[in-house]
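The values are calculated or read from the model by the stated rules, or taken from the named source; none is laboratory data. Since we're looking at a predicted model, the values are computed, not measured. No Cβ is skipped: glycine too gets one built from the backbone with ideal geometry, and neighbour counts run over all protein chains shown. Side chains are part of the model used for accessible areas, which takes the heavy atoms of the whole protein and leaves out ligands, DNA and RNA. Shrake-Rupley method; radii C 1.70, N 1.55, O 1.52, S 1.80 Å.
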Amino acid sequence: MSEMDKTIQGRTAVVTGAAGGIGAALAAELGARGMSVVVADIDGEGAKFVADKLTLDGVRALGVRVDVTDRESVQALRQAAYQEFGSVELLCNNAGVLLFGDIADSSIGDWRWLSAVNIEGMLNCLHAFLPDMRERTGWRHVMNTASTHAFLADPGHTSLYSATKHAILGMTLGLRSELAADDIGVTVLCPGQAATRIMDSQRNRPAAFGRKAPEPFGTGIIPMAIAPEEVARLAVEAVLRDAPMVFALPEHGYDMFRAQVEEMWRLADNALADRA
Ligand SMILES: NC(=O)c1ccc[n+]([C@@H]2O[C@H](COP(=O)([O-])OP(=O)(O)OC[C@H]3O[C@@H](n4cnc5c(N)ncnc54)[C@H](O)[C@@H]3O)[C@@H](O)[C@H]2O)c1
């Protein structure tokens with residue numbers, strides 16, 4: 001076991017969106033490194049399934065159904081976590097949903113759902129867990145899952161999703177400086193093209209948010225993608241070294257991503273030059 005792993009050994013992590021994909025892989029990675037894990041998801045059965053599997057592997061794990069958009073549900077998650085494990089040292093705000101479509105064709109329900117899960121859901125969890133975390137001493141950390149879409153000037157039919165991820169990037173970097181005085185680390189995880197069910201996000205879209213948006217690229221697994229287990233490994237290592245930001249893409253994706261980020265900077269650079 002590494003020195004860093006000793007830091008988290010025996011501590012407790014709450015991971016939202018952990019019934020599958022990156023969240024389930026994060027739960028497994030943290031469990032393998034000695035943490036107790038609360039596996040939380042709107043898919044309660046899936047969360048329990050993942051937790052049961054971890055338990056069989058010798059991890060202290062609890063599966064809980066949570067809807068991060070619902071503050072009472074998030075408070076119940078907090079209560080369940082404290083009842084079972086007594087404290088929470090790592091909060092992984094990972095639950096997130098995606099839909100495609102251009103802004104002009106979108107519905108207000110599309111935006112309300114994306115922002116309710118991706119932005120407000122994160123805020124609900126921060127409001128629920130931070131007061132206790134701030135009262136404690138010793139190692140504590142928050143990791144928020146954004147996306148490479150937090151950086152793109154041309155998100156390509158995902159402008160609304162991208163807007164939520166830009167918000168997460170801003171929130172998380174701000175949170176990092178806010179929590180520095182409490183000695184709580186904060187990391188933003190930016191995956192891209194991971195092999196999960198993200199393209200089928202609307203499987204969990206409640207009717208209250210209106211009709212489903214079209215799924216022009218299907219609902220399958222993204223091809224030539226990075227494995228969620230690799231995303232989780234990179235993420236946890238970044239958390240352990242208290243990195244502000246971590247990217248996790250398939251190797252072939254980095255050049256294109258870099259070009260897209262440079263395009264964003266080019267826009268800013270041009271605007272700054274225009275000012276002269
Ligand atoms: N897969 C990718 O390529 C990729 C790229 C960039 C960012 N991300 C981000 O990674 C995170 C995890 O996504 P994933 O790729 O593992 O997809 P996924 O669909 O496998 O996992 C998302 C999980 O969030 C859960 N969820 C949805 N609504 C919820 C709610 N209201 N309350 C609680 N849980 C809810 C879903 O049930 C699901 O288990 C998301 O924030 C996503 O935006 C993924």
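Please list, by residue number, everything in region 81-99 whose backbone N is under 19 Å from a paramagnetic label point 7 Å out along Cα→Cβ of residue 173.
Within reach of a label on residue 173: no residues.
Based on the Cα gyration tensor of region 123-209, what are the three equivalent ellipsoid semi-axes, each the root of five times an eigenvalue, rounded to whole Å and given largest first?
28, 16, 12
Can you give me the distance in nm between label points at residue 112 and residue 242, each placed 7 Å from the Cα along the Cα-to-Cβ direction?
Each label point lies 7 Å from its Cα, and together they span 4.2 nm.
Collect residues whose amide H, placed 1.01 Å from N in the peptide plane, falls under 5 Å from the amide H of residue 248; neighbours closer than 5 in sequence don't count.
Long-range HN contacts for residue 248: 190, 192.
Project the alpha carbons of the chain onto their principal axes and report the range along each, largest first, in whole Å.
So the extents along the principal axes, rounded to whole Å, are 53, 45, 34.
Would region 170-215 count as rounded, prolate or oblate if I go by the C-alpha gyration tensor, calling it rounded below 1.5 in a/c and otherwise prolate when a/b exceeds b/c, oblate otherwise?
Prolate is the answer for region 170-215, as a/c is 1.5 or above and a/b outweighs b/c.
Rounded to two decimal places and with Rh computed the Kirkwood way over Cα pairs, what is Rg over Rh for region 82-170?
1.08
Please work out whether region 45-99 counts as rounded, prolate or oblate from its C-alpha gyration tensor, where a ≥ b ≥ c are the square roots of the eigenvalues and a/c under 1.5 means rounded, while otherwise a/b larger than b/c means prolate and anything else oblate?
Oblate, since a/c reaches 1.5 and b/c is not below a/b.
Counting Lys +1, Arg +1, Asp -1, Glu -1, what net charge surrounds residue 33 among other residues with beta carbon under 15 Å of its beta carbon?
Neighbour charge sum, excluding residue 33 itself: -2.
Heavy atoms only, 1.4 Å probe, whole protein assembly: order 69, 172 by accessible area, highest first. Each step should come with its number before you reach the end.
Details: 69 40, 172 0 Å².
From most exposed to least exposed: 69, 172.
Would you work out what percent of the accessible area of the chain, with all protein chains in place, is carbon or sulfur (probe 1.4 Å)?
Answer for the chain: carbon and sulfur cover 54 percent of the accessible area.
Would you calculate the separation in nanometres between label points at residue 87 and residue 269, each defined as 7 Å from the Cα along the Cα-to-beta-carbon direction?
4.8 nm
For the chain, what is the mean residue ellipticity at 222 nm derived from helices alone (per DSSP H run of n ≥ 4: -39500 (n - 2.57); sum divided by total residues; nearest 500 deg cm²/dmol)?
Calculated at 222 nm, the ellipticity per residue is -14500 deg cm²/dmol.
When a/c is below 1.5 the answer is rounded, else prolate if a/b is larger than b/c, else oblate, so apply that to region 186-276 with a ≥ b ≥ c taken from the square roots of the Cα gyration tensor eigenvalues. Don't skip to the end; give the middle numbers.
On the way: a/c = 1.88, a/b = 1.28, b/c = 1.48.
Note, shape of region 186-276 comes out oblate.
Leaving out ligands and nucleic acids, note down the accessible area per residue over region 3-275 with a 1.4 angstrom probe, in whole Å².
47 Å²
Once Lys and Arg get +1 and Asp and Glu get -1 on their Cβ, which of 218, 190, 122 lies farthest toward the positive end of the dipole of region 3-275?
122
Tally Lys/Arg at +1 and Asp/Glu at -1 over every other residue whose Cβ is under 14 Å from the Cβ of residue 46; what's the total?
-1
Taking θ = phi - 60°, what integer Hz values does the Karplus form 6.51 cos²θ - 1.76 cosθ + 1.60 yield along region 167-175, in sequence order, with x for Gly and Pro?
4, 5, 4, x, 4, 6, 5, x, 4
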